Amino acid sequence: MGLIAVIGGSGFSDLHGLRPTGEPQQVETPFGATSAPLTRGTLGAAEILFLPRHGAAHQHPPHRVNYRANLWALRACGAQRVIGLAAVGGITAHCAPHSLLVPDQIIDYTYGRDHTFSDGGGQAVAHVDMTEPYCASLRADLLRAAAAARIPTFDGGTYGATQGPRLETAAEIARLSHDGCDIVGMTGMPEASLARELELCYAALAFVVNWAAGKGDGPITLESIESNLARCKDRVEAVLTALAPEE
Ligand code: HPA
């Protein structure tokens, strides 16, 4: 199957089932340091390179994650496929808390992030095609793994990437809903477009940890997000563990 990078999001500063095959490695890049050292290991029969997006102590907020360094380092360490784990809010009725999705589209509402490698400095400007923002073959692998692990997972959905770190207003979510977003998160971009610029095969595995603003009953509490996240963790790991079938 080859080496697969997994970028862990909120709630995933580690993977319980990962058996490391060496010490975590700090990788320097032309864009600075990654969010945390990279851990190489096995999960089931898959060879994994794991990187917690927000840092080992969850110290990097979504708008300050060094997305360029992260993706550059994963490629430099030999990964050609990258799975971004994504805790999200649910907007559409079928995206209730605890749902898992492999989204197929993105709308980017972020701003002010270092969002491209094509940043002047003499090289030719790259206008990468983002018609299909996620890698079809990796999406299919994730859906196949979910089916093998018997974890119900929706095929498709539009991810709205917001700036954070605050949550949205109810009116902002109504706008995202009107735009066609099914789920909302804060890190899906520029991660997906930077991966495309590096010709990495990138897909997201999203898990819903709250109803987005105005879609549930009352305010969104950290306690409910954390308890929903805890309920998603095992199923997300089960999907990842089923990625490479045991021989
Ligand atoms: N909004 C944005 N990002 C999120 C949410 C949300 O409601 N839940 C988890 N990540």
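Restricting the first residue to the stretch 8-22 and requiring it to be within 16 Å of the ligand (Cβ to nearest atom), which pairs with a second residue that is open to solvent by 80 Å² or more (accessible area, probe 1.4 Å) meet a Cβ separation below 7 Å and a spacing of at least six or different chains?
Going by the 7 Å Cβ cut-off, the qualifying pairs are SER13/HIS58.
Listed residues THR158, THR187; which is within 10 Å of the ligand (Cβ to nearest atom) and under 18 Å from MET130 (Cβ atoms)? Don't jump to the end; show me each part of the working.
On the way: THR158 fails: within 10 Å of the ligand (Cβ to nearest atom).
None of the others qualify; the one that does is THR187.
Taking the conditions exactly as written (closer than 30 Å to GLU47 by Cβ, more than 12 Å from the ligand (Cβ to nearest atom) and in contact (Cβ under 8 Å) with a residue 24 or more places away in the chain), does ARG150 satisfy them or not? Explain how you work it out, then say what you get.
Details: closer than 30 Å to GLU47 by Cβ: yes; more than 12 Å from the ligand (Cβ to nearest atom): yes; in contact (Cβ under 8 Å) with a residue 24 or more places away in the chain: no.
No; evaluated as a whole, the condition is false for this residue.
Would you check if LEU229 is within 14 Å of the ligand (Cβ to nearest atom) and either modelled with pLDDT under 95 or aliphatic (A, V, I, L, M) (or both)? Give the steps one after another, and end with the answer.
Numbers: within 14 Å of the ligand (Cβ to nearest atom): yes; either modelled with pLDDT under 95 or aliphatic (A, V, I, L, M) (or both): yes.
So LEU229 fits the description; yes.
Can you report the number of residues in the stretch 104-115 which are away from the ligand (no atom under 13 Å from the Cβ) and not in a strand (DSSP E or B)?
6
What strands (runs of 3 or more DSSP E) completely inside the stretch 1-74 contain at least 1 residues that are open to solvent by 10 Å² or more (accessible area, probe 1.4 Å) and farther than 28 Å from VAL209 by Cα?
Working: elements: 4-8, 39-43, 46-52.
Because the criterion is at least 1 residues that are open to solvent by 10 Å² or more (accessible area, probe 1.4 Å) and farther than 28 Å from VAL209 by Cα, no strands (runs of 3 or more DSSP E) in the stretch 1-74 meet it.
Would you mention how many residues in the stretch 85-95 are more than 13 Å from the ligand (Cβ to nearest atom) and open to solvent by less than 30 Å² (accessible area, probe 1.4 Å)?
So the count comes out to 0.
Please pick out the residue among GLY78, GLY121 that is open to solvent by 70 Å² or more (accessible area, probe 1.4 Å), away from the ligand (no atom under 16 Å from the Cβ), of a type outside the set (A, V, I, L, M, F, W, C) and not in a strand (DSSP E or B). Talk me through it step by step, then tell me what you get.
Details: GLY78 fails: open to solvent by 70 Å² or more (accessible area, probe 1.4 Å).
After applying the criteria, what remains is GLY121.
I need a count of the residues in the stretch 130-173 that are of a type in the set (A, V, I, L, M, F, W, C) and out of contact with any Lys or Arg (no Cβ under 9 Å at 6 or more places or on another chain).
Our first condition is that a residue be of a type in the set (A, V, I, L, M, F, W, C); within the stretch 130-173, this holds for 130, 135-136, 138, 140, 142-143, 145-149, 151, 154, 161, 167, 170-171, 173.
Next, only the ones that are out of contact with any Lys or Arg (no Cβ under 9 Å at 6 or more places or on another chain) stay: 136, 140, 142-143, 145, 147-148, 154, 161, 167, 171.
The qualifying residues number 11.
The values are calculated or read from the model by the stated rules, or taken from the named source; none is laboratory data. None of the values given here were measured: they were computed from a predicted structure. Please note: Cβ atoms are built from the backbone with ideal geometry, for glycine as well, and neighbour counts cover all protein chains shown. Just so you know, the surface numbers come from the protein's heavy atoms only, side chains and all, with ligands and any DNA or RNA stripped out. Shrake-Rupley method; radii C 1.70, N 1.55, O 1.52, S 1.80 Å.
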